[in-house]
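Asks: Before we start, here is the structure in question, set down as structure tokens.
Derivation of every value follows stated rules applied to the coordinates shown; laboratory data play no part. The structure presented is a predicted model; accordingly, all values stated were derived computationally and were not measured. For neighbour counting, all protein chains shown are included, and Cβ atoms are generated from backbone atoms with ideal geometry for every residue, glycine included.
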Amino acid sequence: MLRFGRAVVGKRKIILIVAVLLLIPSVFGVINTRINYDVLTYLPDSIDTIRGQNILLDEFGKGGFSMVMVDGMSMKDVAKMKKQIEDVDHVATVIWYDTILDLSVPETILPESIYQKFNSGDTTLMAIFFDSPTSDDVTLEAVTEIRHILGKQGFMSGMSCFVEDLKELIEHEEPIYVAVAVLLAMIVLGLFMNSFAIPVIFISGIGLAILYNMGANVFTGEISFITQAIASVLQLAVTTDYSIFLWHSYEEHRNKMGMENEEAMANAIARTLVSVISSSTTTIAGFLALCFMTFQLGLDMGIVLARGVLIGVICSVTILPSMILCFDRLIDRTRHRPLMPRFDRLSAAIVKRPLIFAAIFLILLGPAFYGYRHTDVYYKLDQSIPQTLPFAAANRKLADDFNMNCTHMLLIDADTPQRDVRDMMHEIENVKGVGYTLSLEGALGPTIPDSMVPNRLRDELADENYELAIINSEYAVASDAVNRQIDEISAITHKYDKGSMLIGEAPCTKELIVITDRDFKVVTAVSVGAIFLILLIALQSISLPVILVASIELGIFINLGIPYYTGTVLAFITSIIIGTVQLGSTVDYAILMTARYKRERFAGHPKKEAIHIAHSTSMPSVLVSALAFFSATIGVGLYSDIDLIGSLCMLMARGAIISLFVVMFIVPAFFVLFDGIIVRTSRGFLDKSNANAEPQTAGEGIQ
């Protein structure tokens with residue numbers, strides 16, 4: 001490791017030149033990586049709802065779907081507007097009154113129920129199908145053009161509209177996320193480090209690592225908007241630790257051991273590399289646990305976040321030390337006394353009264369776990385965006401004027417007898433909450449002869465393999481009512497056609513609920529198991545992994561349990577991500593203290609003295625790391641208008657502080673109480689040959 005450190009020091013100028021040159025492909029990669037704003041596309045292809053959507057696109061050329069409402073226009077003007085919408089690129093079809101019956105046919109012969117499907121007061125309704133997937137770029141461009149045609153008289157709802165509004169909001173907010181995270185992190189580092197130049201160097205080095213990581217996404221083609229929004233902030237929050245470790249080690253070798261700058265940095269790199277590899281492994285394992293989700297958003301996030309940590313480690317022992325040495329004079333000129341409290345009295349108090357803090361652990365555990373298990377989550381995606389956006393306004397109007405909250409589409413085998421289809425649709429119409437249906441058999445009702453059904457309607461609703469029916473529901477997506485409705489409709493359709501498929505936003509979201517509930521259990525088990533195994537090997541102890549994981553899990557229970565007591569409803573993905581992120585990234589705080597505790601016990605110190613030294617010398621680094629994590633995420637949490645992102649960052653920020661207090665108070669208390677068990681179940685604590693070794697002082701470095 002020392003040889004590697006000396007090589008980095010010797011080649012530091014070359015390293016910095018290469019680092020700058022790597023920005024070219026990285027920026028190219030960032031620009032050419034597509035952002036996916038539709039989380040439902042991450043559902044597995046094997047489920048019926050996704051298979052059905054693919055069939056709908058392949059067989060009927062219909063992908064995205066939208067409902068459009070127009071106020072105060074005559075039938076003639078609506079027909080003209082419909083023609084304009086049909087001419088928009090990637091609009092497959094527009095279904096309106098004249099799709100079912102020519103405008104020349106008197107309205108008086110049209111059944112009232114059919115007329116009401118398209119009219120409410122002076123508002124006219126039409127359905128638009130796109131020939132491209134819901135969140136495809138060309139679909140979103142078509143949405144923008146249609147909204148321009150509609151003007152102020154029109155309202156447009158549907159998942160494609162939601163995705164377009166979300167995209168515009170994200171593109172506006174994302175640069176501010178990064179700016180706020182960087183600014184707050186630099187303020188914290190400027191106050192708690194001993195040079196005002198150090199935060200700038202740290203952030204510059206981490207910024208390069210972030211660009212390399214985000215540029216590498218070009219190889220997968222696209223990433224989700226959630227990953228795009230939080231990956232940079234989270235990479236900054238997590239990898240700041242490694243920069244702090246390197247700086248403290250460099251200062252120790254230079255000031256306390258009297259080494260020249262280059263030799264001090266070579267030794268600091270060697271020591272940091274060992275420490276960081278151990279600590280980053282747990283973080284990477286926590287992030288990779290997300291890859292075990294059936295919901296493939298976890299794979300998307302897990303790979304990007306884990307790769308970001310790995311790149312951060314590499315940059316922290318190559319680019320960062322090169323920058324520190326190159327700007328060494330600037331660092332020295334901007335030195336100041338850091339704002340850092342002393343922890344000697346606190347350490348002594350915890351070591352003296354460990355039972356108090358163990359009791360706090362037990363008192364908090366019950367209500368924290370109960371809240372953790374009972375916190376409500378929401379799956380309705382549009383609940384995460386401001387209700388002032390055009391999509392939300394259209395949804396409200398659709399519900400108010402037409403009592404319509406979502407639309408299902410039903411694919412029926414073309415060989416199903418017409419009588420069965422007619423009976424099926426009649427049963428579906430009687431299902432509670434079904435507003436109305438539109439199918440080939442029921443398009444005009446029994447009073448209109450089949451010969452009057454326009455050929456264009458046949459083309460839209462049937463082909464040689466399938467027939468398409470549209471079912472409008474009064475119930476909101478992700479509600480218990482719509483999920484029961486979906487089950488009832490599915491039971492009816494399978495009675496007549498076992499291969500029928502019910503698709504749309506509500507059926508997809510119902511699948512999402514089932515899948516992510518299972519994923520939560522899997523990811524939790526994998527992350528805890530993997531991190532426990534890593535700690536078992538790294539610490540060479542059976543008892544220490546139990547203590548550390550149990551302590552951080554308490555922090556997770558508290559963090560995710562608080563929303564239950566405050567009445568806050570979290571986005572469905574939040575609890576899965578927070579559990580792995582908080583465990584993987586903040587267990588490092590406990591590892592740092594544990595490593596020092598082990599070293600002091602091995603050096604022959606009595607347990608209380610060893611724990612006092614470990615606690616008082618480790619807490620400065622733990623404090624700075626936790627506050628850097630907090631500052632990098634809290635600003636985004638407070639600023640973002642997208643609840644899915646804001647709540648994630650808010651919980652990450654709160655989790656860092658909760659884990660800080662757990663490590664500050666609970667972990668050392670457990671060390672005192674269970675020292676005997678720890679020593680007997682661990683290697684590297686007491687060695688008779690070292691019993692009389694010269695004790696290290698509390699002022700020694702934290703590594």
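Asks: In debye to the nearest 20, how big a dipole does region 468-609 give about its Cα centre with +1 on each Lys and Arg Cβ and -1 on each Asp and Glu Cβ?
Replies: It comes to approximately 840 debye.
Asks: Could you size up the charge dipole of region 163-271 around its Cα centre, putting +1 on the beta carbon of Lys and Arg and -1 on that of Asp and Glu, and report it in debye to the nearest 20?
Replies: With only Lys, Arg, Asp and Glu charged at Cβ, the dipole is about 460 debye.
Asks: Could you state the orientation-averaged shadow area of the convex hull built on the Cα atoms of the chain, in nm² to one decimal?
Replies: Computing the convex hull of the Cα atoms and averaging its projections yields 33.5 nm².
Asks: Computed FRET efficiency, Cβ-Cβ of Ile356 and Leu191, R0 30 Å: what is it to the nearest 0.05?
Replies: Efficiency for this residue pair is about 0.45.
Asks: So if R0 is 60 Å, what FRET efficiency would Arg419 and His374 give, r being the distance between their Cβ atoms, rounded to the nearest 0.05?
Replies: That gives a FRET efficiency of 0.75.
Asks: Moving on. Mind checking Rg over Rh on region 216-262, alpha carbons, Kirkwood formula for Rh?
Replies: Ratio of gyration radius to Kirkwood radius: 1.32.
Asks: Also, quick follow-up: Over all distinct alpha-carbon pairs, what is the Kirkwood Rh of region 253-311 in angstrom?
Replies: It works out to 13.3 Å.
Asks: Once label points are set 7 Å from the Cα along Cα→Cβ at both Asp137 and Leu21, what is their separation, rounded to one decimal in nm?
Replies: Label-label distance for Asp137 and Leu21, simple model: 3.0 nm.
Asks: For the chain, with the dipole built from +1 on Lys and Arg beta-carbon atoms and -1 on Asp and Glu ones, taken about the Cα centre, which of Gln53, Gly637, Ile591 lies farthest toward the positive end?
Replies: Ile591
Asks: Any chance you could check the Cα centroid distance between region 29-94 and region 357-397 for me, in angstrom?
Replies: 31 Å
Asks: List the residues, sorted by chain then number, that are 5 or more residues from Asn119 or on another chain and whose placed amide H is less than 5 Å from its amide H.
Replies: Amide H neighbours of Asn119, under 5 Å, 5+ apart: Leu125.
Asks: Based on the alpha carbons, how large is the Rg to Rh ratio for region 456-513 when Rh follows Kirkwood?
Replies: That ratio equals 1.01.
Asks: Under the √(5λ) rule applied to the eigenvalues of the Cα gyration tensor, what semi-axes describe the equivalent ellipsoid of region 577-646? Give them in Å, descending.
Replies: 34, 12, 6
Asks: Can you give the log10 of the normalised intensity I(q)/I(0) at q = 0.12, 0.15, 0.27 Å⁻¹, computed with Debye over equal Cα scatterers of region 512-565?
Replies: -0.37, -0.54, -1.02
Asks: I need the Kirkwood Rh of region 632-684: take the reciprocal of the average 1/r across all distinct C-alpha pairs and report it in angstrom.
Replies: 13.3 Å
Asks: Through the Karplus equation 6.51 cos²θ - 1.76 cosθ + 1.60, θ set to phi - 60°, convert the phi angles of region 608-616 into ³J(HN,Hα) values in whole Hz; use x for Gly and Pro.
Replies: Values, residue by residue: 5, 5, 4, 5, 4, 5, 4, 5, 5 Hz.
Asks: With unit charges on the beta carbon (Lys/Arg positive, Asp/Glu negative), name the residue among Gly435, Val377, Leu410 whose Cα is farthest towards the positive pole of the charge dipole of region 354-438.
Replies: Most positive-ward Cα: Val377.
Asks: Now a separate question. Can you compute log10 of I(q)/I(0) for region 323-426 with the Debye formula, treating each Cα as one identical point scatterer, at q = 0.12, 0.14 Å⁻¹?
Replies: Here the Debye-derived log intensity ratios amount to -0.88, -0.93.
Asks: Determine ³J(HN,Hα), in whole Hz, for all residues of region 583-595 in sequence, where each value follows from phi through the Karplus function 6.51 cos²θ - 1.76 cosθ + 1.60 and θ = phi - 60°; x replaces Gly and Pro.
Replies: Karplus values, whole Hz, x for Gly and Pro: 5, x, 8, 8, 5, 4, 4, 5, 5, 4, 5, 5, 4.
Asks: Over region 1-106, what number does the Rg to Rh ratio reach, with both radii from the alpha-carbon atoms and Rh per Kirkwood?
Replies: Rg divided by Rh gives 1.37.
Asks: While we're here: Could you work out the pair-distance distribution P(r) of region 222-290 from its alpha-carbon pairs, with 10 angstrom bin width and percents rounded to whole numbers?
Replies: For region 222-290, the pair-distance distribution reads 19, 37, 24, 15, 5, 0.
Asks: With charges set only on the Cβ (+1 for Lys and Arg, -1 for Asp and Glu), what does the dipole of the chain come to about its Cα centre, in debye to the nearest 20?
Replies: Roughly 4940 debye for the chain.
Asks: To continue, here is another question. Taking a ≥ b ≥ c as the square roots of the eigenvalues of the Cα gyration tensor of region 262-351, is the shape rounded (a/c under 1.5), prolate (a/b larger than b/c) or oblate?
Replies: The shape class here is oblate.
Asks: Right, next: Would you compute, from DSSP H runs of 4+ residues alone, the mean residue ellipticity of the chain at 222 nm, taking -39500 (n - 2.57) per run and dividing by the full residue count, rounded to the nearest 500?
Replies: Rounded to the nearest 500, the figure is -21500 deg cm²/dmol.
Asks: Could you give me the ³J(HN,Hα) list for region 143-152, computed from phi with Karplus coefficients 6.51, -1.76, 1.60 and θ = phi - 60°, whole Hz, x at Gly and Pro?
Replies: Each residue's phi maps through the Karplus curve to give 4, 4, 5, 5, 4, 5, 5, 5, x, 6 Hz.
Asks: Given Gly499, Asn472, Ile547, which one lies farthest toward the positive end of the charge dipole of the chain, if we put +1 on the Cβ of every Lys and Arg and -1 on the Cβ of every Asp and Glu?
Replies: Checking the options against the dipole of the chain, the answer is Ile547.
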